[in-house]
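Notes follow the structure.
The values are calculated or read from the model by the stated rules, or taken from the named source; none is laboratory data. Treat the numbers as computed from the prediction; the structure is a model and nothing was measured. Cβ placement follows ideal geometry from the backbone for every residue including glycine, while neighbour counts extend to all protein chains displayed. The protein model used for the area step is the full one, side chains on, heavy atoms only, and it has no ligands, DNA or RNA in it. Shrake-Rupley method; radii C 1.70, N 1.55, O 1.52, S 1.80 Å.
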Amino acid sequence: MAKTLYDKLFDSHVVTEENGTALIYIDRHLVHEVTSPQAFEGLRLAGRKPWRISSIVATADHNTPTNGWDKGLSGIADPVARLQIETLSDNIREFGAKAYFPFMDSRQGIVHVVGPEQGATLPGMTVVCGDSHTSTHGAFGALAHGIGTSEVEHVMATQCLVQKKSKTMQVVVNGILGKGVTAKDVALAIIGKTGTAGGNGYAIEFAGSVIRNMSMEGRMTLCNMAIEAGARAGIIAVDDTTINYVKGRPFSPKADQWEAAVAYWNTLHSDEGAAFDATVTLNAEDIQPQVTWGTSPEMVVGIDGKVPSLEMAKNEVQRGDWERAYAYMGLTPNTLISDIQIDKVFIGSCTNSRIEDLRAAAAIAKGKHIAPNVKLALVVPGSGLVKAQAEQEGLDKIFTEAGFEWREPGCSMCLAMNADRLASGERCASTSNRNFEGRQGQGGRTHLVSPEMAAAAAVAGHFVDVRDLS
Amino acid sequence: MQAFTQLNGLVAPLDRANVDTDAIIPKQFLKSIKRSGFGPNAFDEWRYLDQGEPGMDNSKRPINPDFVLNQSRYQGASVLLTRENFGCGSSREHAPWALEDYGFKVIIAPSFADIFFNNCFKNGMLPIVLKADVVDGLFNQVSVTEGYKLNIDLSAQTITTPAGEVHPFEVDAFRKHCLLNGLDDIGLTMQQQDKIKAFELKHQQAQPWLFN
């Protein structure tokens with residue numbers, strides 16, 4: 001019978017199954033400082049050890065500061081944050097890991113940037129992490145999803161996860177993306193269509209010519225946002241783009257295993273005629289650069305659009321949501337998106353902090369300067385290696401000459417656990433993934449955009465259509 | 001884990017869709033390395049008028065009188081009634097920890113975000129999916145009836161209203177079994193360790209590069 005990629009990945013990891021509840025084996029466990037301390041404590045209290053230390057790759061990212069690194073750990077002003085970062089180091093020292101990139105290591109960074117960069121994420125793997133954006137790793141034809149801390153402990157202790165099979169949704173995007181339209185815009189356009197609950201209960205497979213033509217970094221951006229459509233996992237079939245990206249990375253299979261690995265990876269696609277429980281189709285030509293206007297990623301329109309009016313709401317519940325969003329965002333219905341002025345810009349996060357993102361933003365910022373009304377424009381590379389690469393290419397200079405701040409790697413203002421945050425009422429063009437109330441700081445107002453659009457907004461002081469810039 | 005069998009609990013209505021885990025427990029409280037004590041900061045940004053930080057004496061903070069859970073009639077509620085896609089966003093288990101610590105044992109909604117839904121069961125909480133029109137009806141009844149309680153029976157898989165109306169609900173058999181008996185998942189899985197070892201060996205032979 002023709003199988004979907006999801007079926008292949010799931011079925012090949014089933015240890016045992018009873019009445020539809022399966023125990024699936026986990027190949028890679030990514031660990032960070034925020035969702036792991038209670039799990040390690042649980043192991044300690046029960047006298048348990050990790051089942052397979054070589055599956056664990058850890059780094060500190062959520063809490064780490066993006067400046068003041070010359071002062072080391074003591075530069076972390078918040079003692080609670082410092083304790084959490086130190087606790088991760090203590091736990092890894094006590095329990096072990098295949099690799100650990102602690103605060104300020106040259107390879108430290110956002111766990112979803114570091115994993116693929118190191119070749120720690122491979123096609124065909126099951127990947128988990130106590131972080132919802134673990135869906136990112138599905139870009140490699142891996143079954144990857146976020147888990148809670150109890151499950152982090154469960155995976156550490158047993159190398160397995162209790163799972164029921166998800167339904168499958170195929171999202172097909174065909175055609176050719178216009179100039180200035182990126183993977184981020186595709187992701188937001190999909191969420192605009194499905195809603196943030198549209199993918200609940202599903203694993204989404206992204207397919208179509210747009211995805212086939214997308215780079216691995218673009219695919220990671222797309223799968224990263226699958227969770228914002230409600231799907232725990234987003235996956236993309238393996239092709240030469242995948243294999244070429246993986247080749248030669250530190251933890252990738254070496255010469256003697258490479259051929260066998262590639263032969264297996266080439267089977268990781270949905271079979272011809274495989275049935276999906278749902279299918280969503282988009283045409284590339286219909287997708288414009290996207291800007292969110294509200295407090296959920298589904299509250300999104302094209303750059304030439306307006307804040308929608310209440311008559312367009314589909315029901316009473318949505319009307320209520322929109323009314324609250326107008327008030328929180330300080331916007332009135334029918335405001336042109338291009339009329340919205342911004343106070344801050346954030347270029348970074350596990351969605352958009354890789355080298356291609358930084359190159360694209362730098363290309364817009366080059367030779368220009370941020371607008372006088374923009375108080376702060378942050379560029380936060382996804383990892384130490386991304387930062388080094390960008391500096392080698394001179395991107396840091398382009399940004400700093402344009403008035404942006406060039407920071408150290410980490411999650412930063414995507415969730416504002418460290419000192420990088422919005423003040424109440426401040427409005428931000430952000431390349432991150434969530435525009436929830438308070439996400440980037442209490443009272444802060446987030447508009448999600450692509451790196452190009454964020455850089456263009458920084459220069460103009462308000463949202464502009466990146467396609468209009470030459 | 002604490003078992004859950006039956007509850008006759010006061011219902012608090014939170015009439016919003018897409019309540020995300022950032023709203024349930026804002027990020028500044030995730031710096032804790034403990035799994036308890038999050039209750040006073042559940043819904044922190046809606047619940048208080050000032051900006052909350054870890055270590056504050058929450059009893060001295062200004063309360064937002066407009067936030068529904070602050071109304072005196074909902075004090076002591078153990079059932080949260082809410083709208084679709086509850087718990088979307090981050091996988092932080094701090095969200096169910098905060099709700100549980102606040103006193104909620106049951107959450108009723110037309111739909112839940114997957115990771116949050118799963119996390120509830122790991123903490124002795126029961127998330128219940130009911131059809132949107134049934135949830136609408138419950139919202140109406142709660143708003144007009146002070147002290148409105150629902151009786152939730154996990155074993156029978158029923159919710160009974162004060163008027164005696166019975167709404168059946170679905171729950172996965174394995175999760176139900178674990179909740180009813182307060183079973184620790186890890187302990188159960190460890191009983192399968194021979195199977196895990198056998199799988200691992202076969203898996204390693206097939207894809208040795210995964211075990212480098």
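Structural remarks
- Cβ pairs under 8 Å, 6+ apart, first in the range A:424-440 and facing chain B (nearest Cβ under 10 Å), second of a type in the set (S, T, N, Q) and surrounded by fewer than 24 Cβ atoms within 10 Å (Cβ to Cβ): A:S424/A:Q442; A:S424/B:Q51
- Condition met for B:N64 (modelled with pLDDT of 95 or more and at the interface with chain A (Cβ under 8 Å from one of its Cβ atoms)): no
Residues checked against (1) under 19 Å from A:V181 (Cα atoms); (2) of a type outside the set (G, A, S); (3) free of Cβ contacts under 8 Å to residues at least 40 places away in the same chain:
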position	(1), (2), (3)
A:A377	no, no, no
A:A390	no, no, yes
A:E393	no, yes, yes
A:E408	no, yes, no
A:H447	yes, yes, no
A:A454	yes, no, no
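- B:G52 fulfils the conditions (1) over 26 Å from A:A197 (Cα atoms); (2) more than 11 Å from chain A (Cβ to nearest Cβ); (3) open to solvent by less than 10 Å² (accessible area, probe 1.4 Å); (4) not β-branched (V, I, T) except for a single criterion, (2).
- Residue within the range A:334-341 that is part of a loop (DSSP other than H, G, I, E, B) and either under 26 Å from A:C411 (Cβ atoms) or open to solvent by less than 10 Å² (accessible area, probe 1.4 Å) (or both) present: yes
- Residues that are of a type in the set (S, T, N, Q) and part of a loop (DSSP other than H, G, I, E, B) within the range A:31-83 comprise A:T35, A:S36, A:N63, A:T64, A:T66, A:N67, listed in sequence order.
- The range A:66-88, residues that are more than 13 Å from every other protein chain (Cβ to nearest Cβ) and in contact (Cβ under 8 Å) with a residue 40 or more places away in the chain: A:T66, A:N67, A:W69
- Condition check for A:T267: surrounded by fewer than 17 Cβ atoms within 10 Å (Cβ to Cβ) and modelled with pLDDT of 95 or more: yes
- Considering residues of the range A:200-225 that are within 11 Å of another protein chain (Cβ to nearest Cβ) and touching a residue at least 40 places away in the same chain (Cβ under 8 Å) only, the residue most open to solvent (accessible area, probe 1.4 Å): A:Y202
- None of B:I196, B:I159, B:I152 is β-branched (V, I, T) and within 14 Å of chain A (Cβ to nearest Cβ) except B:I196.
- Qualifying residue in the range A:400-407 (condition: surrounded by fewer than 19 Cβ atoms within 10 Å (Cβ to Cβ) and within 12 Å of another protein chain (Cβ to nearest Cβ)): no
- Of all the numbered requirements in (1) out of contact with any Gly (no Cβ under 7 Å at 6 or more places or on another chain); (2) more than 8 Å from chain B (Cβ to nearest Cβ); (3) surrounded by 21 or more Cβ atoms within 10 Å (Cβ to Cβ), A:L30 misses one, and that requirement is (1).
- Taken across the range A:346-361, residues that are out of contact with any helix residue (DSSP H, G or I) (no Cβ under 8 Å at 6 or more places or on another chain) and open to solvent by 70 Å² or more (accessible area, probe 1.4 Å) do not occur at all.
- Test for A:K71: is it open to solvent by 10 Å² or more (accessible area, probe 1.4 Å) and within 14 Å of A:H29 (Cα to Cα): no
- Selection count, the range A:75-98, where residues are more than 18 Å from A:A39 (Cα to Cα) and surrounded by fewer than 17 Cβ atoms within 10 Å (Cβ to Cβ): 3
- All of B:F104, B:F169 fail the test of being closer than 26 Å to A:E437 by Cβ and in the same structural domain as B:G9 (by the TED database), apart from B:F104.
- Residue, farthest from A:H112 (Cα to Cα), within the range A:244-263, restricted to residues that are surrounded by 16 or more Cβ atoms within 10 Å (Cβ to Cβ) and in contact (Cβ under 8 Å) with a residue 24 or more places away in the chain: A:A261
- In the range A:168-214, residue nearest to A:D7 (Cα to Cα) [restricted to those that are within 20 Å of the chain's Cα centre (by Cα) and polar (S, T, N, Q)]: A:Q170
- For first residues located in the range B:77-94 and at the interface with chain A (Cβ under 7 Å from one of its Cβ atoms), partners that are assigned to a strand (DSSP E or B) and lie 6+ apart or on another chain with Cβ distances below 6 Å form the pairs B:C88/B:D20; B:G89/B:D20; B:S91/A:G146.
- Within the range A:138-186, being within 14 Å of another protein chain (Cβ to nearest Cβ) and assigned to a loop (DSSP other than H, G, I, E, B) holds for A:G141, A:A142, A:I147, A:G148, A:Q159, A:K165, A:S166.
- Evaluating A:S309 against the criteria (1) away from chain B (no Cβ under 14 Å); (2) surrounded by 14 or more Cβ atoms within 10 Å (Cβ to Cβ); (3) small (G, A, S) leaves one unmet condition, (2).
- In summary, A:A419 fulfils each of the numbered conditions (1) modelled with pLDDT under 95; (2) open to solvent by less than 20 Å² (accessible area, probe 1.4 Å); (3) hydrophobic (A, V, I, L, M, F, W, C) with the single exception of condition (2).
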